[in-house]
Amino acid sequence: MGPLSGYFRSFLPSAFPRLARRSYALEFLTTICFSTTLGIVEGGVISNIAKRRFEHVTDAERLNFFVAVLFAAPEMANILSFFWSGLSHGRAKIPFINALQLAVILLIGLIAVAPVSMFGLVAIVLLSIGARICWSGIITLRPTVWRANYPATVRASAVGNFQTVQYIMAGIVGVVMGSVLNLYPRYFPPLVLAIAAVGLGAFFATRRQRVRRERRILRGELTAEPVLKPWQGPAVVWRVLRKDPLWARFMLWMFVLGLGNMLVGPILTIVLREQFDLGYLRSILISSSITALVMPLSIPVWARYLDRSHVVRFRARQTWVFVGSASTACLGVLFHRIELLYLTAALQGIAYGGGTLAWNLGHVDFAPPTHTSQYMASHVTLNGIRGLLAPFMAVGLYSVLVASGLDALGIGVTATAAAAVLAVSAAMCVVGAAGFGRLLTHMGDRATLARARSA
């Protein structure tokens, strides 16, 4: 581990503080290894695997329901962030993160031994949900480590590098899995075990991490206000929304936009098999890998714009890319043009590149300094709710339309149903984007002033 951490330290900017370099190098290695393992349970990857690997063990409608569950799994995990905050309160963070890493590796490794049967399908879904829940605990704890180990002057750069690596590794894992399974589907068990084992590199790198001034941090946690219990989260969300009407309106349009955009993923997974009859590789490319690989390319461009703009102005522009991606997906299904679905994936990557920045930083433009965590908690909770609703809305509407036998355009029942759901997605994205535009007009100069105060 010594030579490896020294190798990753060589990527640091010269301005990076010396005391933070060891921590950065270890975390860079952790991100590479753990993102590789997590790539298996990315929604666009595991859902396409389930759709193809288990298509002969149950009917299409039931299998599509499991696809929806796999897409909803990350949002189920998001809602549990309050649980992890309470459980880790006053405890050393590195051992806690290490335990969660081992749990994720074990759960993903068990996916390899799931049989090709109804039991195996249920097992893969439950194991994926369990892995995402444990990963949400790591996400909850990492900011405490980052705040302690990296000065504010370089923290954003460090975290941005970690996110970029995470997206790249997720894209690469999708390509590798799709390529291998296309040629050798029977190699699924050893492939999953091998990728899960890469996560052990993250476990050993994290063990060597230290949290600066951790005793002081833990004493502060124990003497501070009691941490929120999981069931208290909805009350906090309601209190924040009621006290800040502008934030409530921002969250309303985020909910509409996000709900519409989240309808796309499950429908793409379904039509790529049922309409286009694609194998593992091209399905995973369109559903996951292209988006993941484009995101790091778009983040620097969006970052420069967000640095100069209030988040409402940013969203009023950036969200129209989501409109474009949903509309392109609808046209691709209507006209049976696979190249339009590749374009959809690229547009999703561009849009999500800006979305991930606004997700992590946008609430700062609204929140008073003492209430930042409460605003973020309200954002996470509402995102979790729409993320739970959207996949089941998409699959449910699709199933109803297929059952109706509607084929108004003569393109087939399944294509008509999928195009209709994607049209609903595009319409909801338009409403959300227009809502941000109206909010920007309503705020006027207040958006500029709020940005200046939060800078």
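The values are calculated or read from the model by the stated rules, or taken from the named source; none is laboratory data. The structure displayed is predicted, hence computed values, not measured ones. So basically every Cβ, Gly included, is an ideal-geometry build from the backbone, and we count neighbours across all protein chains shown.
In table form, for the structure just shown:
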| item | result |
| --- | --- |
| Residue in the range 319-334 that is of a type in the set (A, V, I, L, M, F, W, C) and either assigned by TED's automatic domain parsing to the domain that holds R52 or closer than 18 Å to E42 by Cα (or both) present | no |
| Lone qualifier among S309, S287, S283 - being under 17 Å from the mean Cα position of the chain (by Cα) and in contact (Cβ under 8 Å) with a residue 40 or more places away in the chain | S287 |
| In the range 149-171, residue surrounded by the most Cβ atoms within 10 Å (Cβ to Cβ) [restricted to those that are of a type in the set (A, V, I, L, M, F, W, C) and within 11 Å of T37 (Cα to Cα)] | A170 |
| Single residue of L357, L347 found to be buried (at least 17 other Cβ atoms within 10 Å of the Cβ), under 24 Å from V165 (Cα atoms) and either of a type outside the set (A, V, I, L, M, F, W, C) or touching a Leu at 6+ places or on another chain (Cβ under 8 Å) (or both) | L357 |
| Sole residue being at pLDDT 70 or above, of a type outside the set (V, I, T) and either more than 25 Å from the chain's Cα centre (by Cα) or more than 30 Å from P368 (Cβ to Cβ) (or both), chosen from P226, P190 | P190 |
| Test: residue in the range 384-407 that is outside any helix (DSSP H, G or I), without any contact (Cβ under 8 Å) to a residue 40 or more places away in the chain and touching a Ser or Thr at 6+ places or on another chain (Cβ under 9 Å) | yes |
| Subset tally (residues that are of a type outside the set (G, A, S) and surrounded by fewer than 20 Cβ atoms within 10 Å (Cβ to Cβ)) for the range 276-295 | 3 |
| Helices (runs of 4 or more DSSP H) fully within the range 44-149 counting 2 or more residues that are at pLDDT 85 or above | 60-79, 93-111, 118-149 |
| Evaluation of P369 against (1) farther than 19 Å from L285 by Cβ; (2) modelled with pLDDT of 95 or more (one fails), failing number | (2) |
| Failed criterion for A99 (all others in (1) under 29 Å from R210 (Cα atoms); (2) without any contact (Cβ under 8 Å) to a residue 40 or more places away in the chain; (3) under 21 Å from the mean Cα position of the chain (by Cα) hold) | (3) |
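The rows are residues; the columns are (1) surrounded by 16 or more Cβ atoms within 10 Å (Cβ to Cβ); (2) in contact (Cβ under 8 Å) with a residue 60 or more places away in the chain.
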{"site": "S179", "(1), (2)": "no, yes"}
{"site": "Y184", "(1), (2)": "no, no"}
{"site": "Y187", "(1), (2)": "no, no"}
{"site": "P190", "(1), (2)": "no, yes"}
{"site": "L193", "(1), (2)": "no, yes"}
{"site": "V198", "(1), (2)": "yes, yes"}
{"site": "T206", "(1), (2)": "yes, yes"}
{"site": "Q209", "(1), (2)": "yes, yes"}
{"site": "R212", "(1), (2)": "no, yes"}
